[in-house]
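Undergrad: Sending over a structure as C-alpha cells; questions will come in a sec.
Laboratory data are not the source of any read-out in this text; all were calculated from the coordinates shown. Owing to the predicted nature of the structure, the values given are computational and were not obtained by experimental measurement. All Cβ positions, glycine included, derive from the backbone under ideal geometry; neighbour counts span all protein chains shown.
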Amino acid sequence: MISINRFHVFVSWNLAFLLVLLAIPAQAQPREGAPTLSGYMEVHLNKIEDRPAEADLHRFVLMVGHSFSDRIKFWSEVEVEHALVEGEEEGGEVAVEQAYIDLLLHRRLNVRAGMVLVPVGIINERHEPPTFHGVERTFVDTVIVPTTWRDVGVGAFGDLGRGVSFKAYVTPGLDATGFTAEEGIAGGRQQGSHADASAPAMTGRIEWRRGGLTAGASGWFGGSGFGLARLDIDAPTVGVGSLDARFRRDRLELRGQWSTVSISNAGDLNQALQARSGINPNIASRLLGAYGEAAMRVSPNAWTHELVAFGRYELFDTQKRMPDGYVPLAFLQRSALTGGLTYFPDPDVAFKFDVIKEHNKSSVVHAPWRVNAGVGWWF
Amino acid sequence: MVVLIMLTNFLIVLALGIAGPQDLRTSGPQDSKSPGPRVVRITAERFAYTPSEIVVEKGTVIEFHLTSDDTDHGFRIVGTTVNAEIPKRRRGETVVTYTADIEGEFVIECSRPCGAGHTAMRARLVVK
C-alpha cells in the first residue's frame with residue numbers, strides 16, 4: 001500500500017514525466033496561432049397558459065479555444081444565463097460550462113482534464129441551438145438528464161475504429177440535499193465549484209456511427225451523500241443510464257432517447273431532508289424519461305435556406321418508482337406532445353416556433369399549454 | 001518507490017511509443033504514372049468525420065470530397081499543407097486532392113471551431 005505522501009510523490013513524478021514527454025513533440029511543431037473565439041446565443045419568448053408571456057435572453061455563450069500544439073489543446077465555454085446577474089437576488093447565472101485541456105496521445109486513447117461535460121444523452125454535449133429542434137431543450141434533457149451537466153473531472157476518450165468512439169471520466173459526485181421531486185437530481189450538481197470530491201463518480205459514453213446513424217449508450221454512477229454527513233443515513237448512490245439514437249438522410253431527421261435515474265436509499269434521504277426542513281421532499285427512487293422526434297425539411301431543394309417541421313412525444317416521470325411508504329405525486333408523472341417549425345436562413349441560425357401540450361396523471365393539477373418562439377445562432 | 005515510478009514511466013513511454021510520433025512530412029508532387037484518383041467522400045458533423053478512418057496504398061492520389069451536415073468545419077491533415085474549409089450544410093462540397101506518397105498514420109483534425117467537442121473531432125489517414 002502506498003501512503004498518501006508517497007502517493008502524491010508518485011503521481012507528481014509521473015505527471016511531470018508525462019508532461020515533459022508531451023512537451024518535446026510540442027516544441028518541434030509549429031503553433032497554430034492565436035486563440036479562437038466562437039459562441040452561441042438564444043433568445044426566447046415563452047407563453048405558458050394562464051401566465052404572462054416572458055421574453056428572455058436565455059443564453060449568451062462564448063467559447064475560447066487554443067492549440068498549444070497538435071497534441072495539446074484547450075477549450076472553454078462561459079455562459080451568461082437570463083442576461084442579468086444581480087447580487088443576492090434571483091436572476092441570471094454566470095457559469096463556466098467547460099474549461100479543459102486535451103492531451104492527444106493516440107487516436108484510440110487521449111486524456112482530458114478540467115471542467116468537462118458529462119457525456120450522457122444527446123443534448124448535454126450537443127447543445128448549440130441550431131443542433132436541436134424546439135425553442136427550449138426537451139423536458140427529458142431538463143428534469144431527467146439535467147443539462148447542462150458538467151463538473152471538474154479527468155478521463156479518457158478515443159476513437160476505437162469502425163465508427164466506435166468512447167469517453168470515460170471520473171468526476172465528483174452529486175449533493176443529494178439538492179434533489180427534488182420535480183426536477184430529480186438537477187439541484188444536486190456541484191458544477192465544479194468547491195465540489196466535494198470525497199464521493200467520486202464514473203461517467204462514460206460509447207457511440208457508434210454509420211452512414212447517417214449515430215447511436216449511443218451512456219451512464220453516470222456515483223455517490224451523493226456528502227451533504228448528509230451529519231445525518232445518520234447511508235449515503236444514497238445514484239445511477240443514470242441513457243440510450244439514444246439519431247438518424248439523418250436527405251430531408252428526414254429522426255432522434256430518440258431513453259434515460260433513467262435510480263437513487264438508492266431514497267426513503268432514508270426523504271426522512272433526513274424532512275427532519276432538516278420540515279417538508280417531505282418526496283424524492284423518487286427511480287425517474288424515467290424518453291422521447292421520440294421526427295423532423296422533415298419541407299422547403300424545396302432549390303432553396304439554400306431551410307424550413308423544417310417537427311413533432312416530438314416525451315415522457316418525463318420524476319416519480320416513476322417511490323421508496324416504501326411514499327406515494328407518487330401524479331402531477332409529476334408527465335408527458336408532452338410538441339409540434340413546431342425551425343427556419344434556417346443559414347445552417348448556423350435557427351428561428352424556432354413550437355406549441356407544447358403537457359399532460360399529467362393528476363385529476364386535480366392542470367397541465368398547461370405552452371407556446372414558444374425564439375432565435376438561436378452559432379458562430 | 002523509485003522502481004514503481006520507473007515502471008510507470010516505462011508504461012507511459014510504451015503508450016506513447018504505440019501512439020507513435022506524428023508524421024510532419026508533407027506530400028510530394030503527384031505521380032503522373034499513377035492510376036486515377038481514388039475518390040473518398042467524407043461527411044463532417046459535430047463532432048466527427050464519417051468515415052473516421054481512411055486506408056490507402058502508398059502512392060495513391062486521393063480526391064477527398066468533403067461535405068457537412070451542419071456548420072462549416074475544417075479539414076486539416078496534420079503534418080501536411082492540407083488545411084481546407086468544409087462549407088456548411090447544403091452549401092456545396094470542398095474537393096481536396098492529396099498524394100499519399102509517404103507511409104505512415106496521419107491525423108485529420110477539424111481546424112475550425114465547431115462547438116463543445118471540437119478538439120476531439122478527428123479522423124485518421126493510414127498510408128501503407
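Undergrad: Holding the Cα-Cα limit at 27 Å, pick out from A:K167/A:K357; A:K73/B:K58; A:K73/B:K88; A:K73/A:K167; A:K352/B:K88 the pairs that are longer than that.
TA: Numbers: A:K167/A:K357 36 Å; A:K73/B:K58 30 Å; A:K73/B:K88 24 Å; A:K73/A:K167 17 Å; A:K352/B:K88 19 Å.
In this structure, A:K167/A:K357; A:K73/B:K58 lie more than 27 Å apart at Cα.
Undergrad: Let me ask something else about it. Roughly what % of DSSP beta bridges within the stretch B:25-127 run antiparallel, to the nearest 5?
TA: 65 percent
Undergrad: Straight-line reach from A:K320: which aspartates and glutamates fall under 15 Å, measuring Cα to Cα and dropping same-chain residues less than 8 apart?
TA: Of all the aspartates and glutamates, those that pass the test against A:K320 - Cα under 15 Å, at least 8 places apart if same chain - are A:E182, A:E183.
Undergrad: Quick one: grab the alpha carbon gyration tensor of the stretch B:25-127, order the square roots of its eigenvalues as a ≥ b ≥ c, and give me rounded if a/c is under 1.5, else prolate or oblate depending on whether a/b is larger than b/c.
TA: Working: a/c = 2.21, a/b = 1.65, b/c = 1.34.
It comes out prolate by the Cα gyration axes.
Undergrad: Going by Cα centres, the stretch A:34-69 and the stretch A:261-325 are how many Å apart?
TA: Rounded to whole Å, the Cα centres lie 23 Å apart.
Undergrad: Taking square-rooted eigenvalues a ≥ b ≥ c of the alpha carbon gyration tensor, is the stretch A:287-379 rounded, prolate or oblate, where a/c under 1.5 means rounded and, failing that, a/b exceeding b/c means prolate?
TA: prolate
Undergrad: With the crude spin-label approximation of a point 7 Å out along Cα→Cβ, what separation in nm comes out for A:L109 versus A:S362?
TA: Placing both labels 7 Å along Cα→Cβ, they lie 5.2 nm apart.
Undergrad: If we restrict to alpha carbons, what Rg and Dmax does the stretch A:247-328 come to, in Å?
TA: Reported Rg and Dmax, both Å: 20.8, 65.
Undergrad: With an 8 Å Cα cut-off and a minimum separation of 6 or more residues, compute the relative contact order for chain A in percent.
TA: In percent, rounded to a whole number, it is 13.
Undergrad: Which of A:P328, A:P172, A:P146 moves the most in a Gaussian network model of chain A with Cα springs under 10 Å?
TA: Top of the fluctuation ranking is A:P328.
Undergrad: Another question about this same structure. According to the square roots a ≥ b ≥ c of the eigenvalues of the Cα gyration tensor, what is the shape class of the protein assembly as shown, taking rounded for a/c under 1.5, prolate for a/b larger than b/c otherwise, and oblate for the remainder?
TA: Because a/c hits 1.5 or more and a/b fails to exceed b/c, the protein assembly as shown counts as oblate.
Undergrad: Something else about it: Please identify the GluC sites (Glu not before Pro) of the stretch A:170-269 that satisfy two criteria: DSSP loop assignment and at most 16 other Cβ atoms within 10 Å. Which are they?
TA: Answer by residue number: A:E182.
Undergrad: Another question, if that's okay. Which whole-Hz ³J(HN,Hα) couplings does the stretch A:47-54 yield from phi under the Karplus relation 6.51 cos²θ - 1.76 cosθ + 1.60, θ = phi - 60°, glycine and proline marked x?
TA: Going residue by residue, I get 10, 9, 3, 6, 10, x, 5, 10 Hz, with x marking Gly and Pro.
Undergrad: Identify the trypsin sites (Lys or Arg not before Pro) of the stretch A:197-279 meeting these criteria: DSSP loop state and at most 13 other C-beta atoms within 10 Å of the C-beta.
TA: A:R230, A:R251
Undergrad: Quickly estimate the mean residue ellipticity at 222 nm for chain A, helices only: each DSSP H run with n ≥ 4 gives -39500 (n - 2.57), and the total goes over all residues, rounded to 500.
TA: Result for chain A: -3500 deg cm²/dmol, rounded to the nearest 500.
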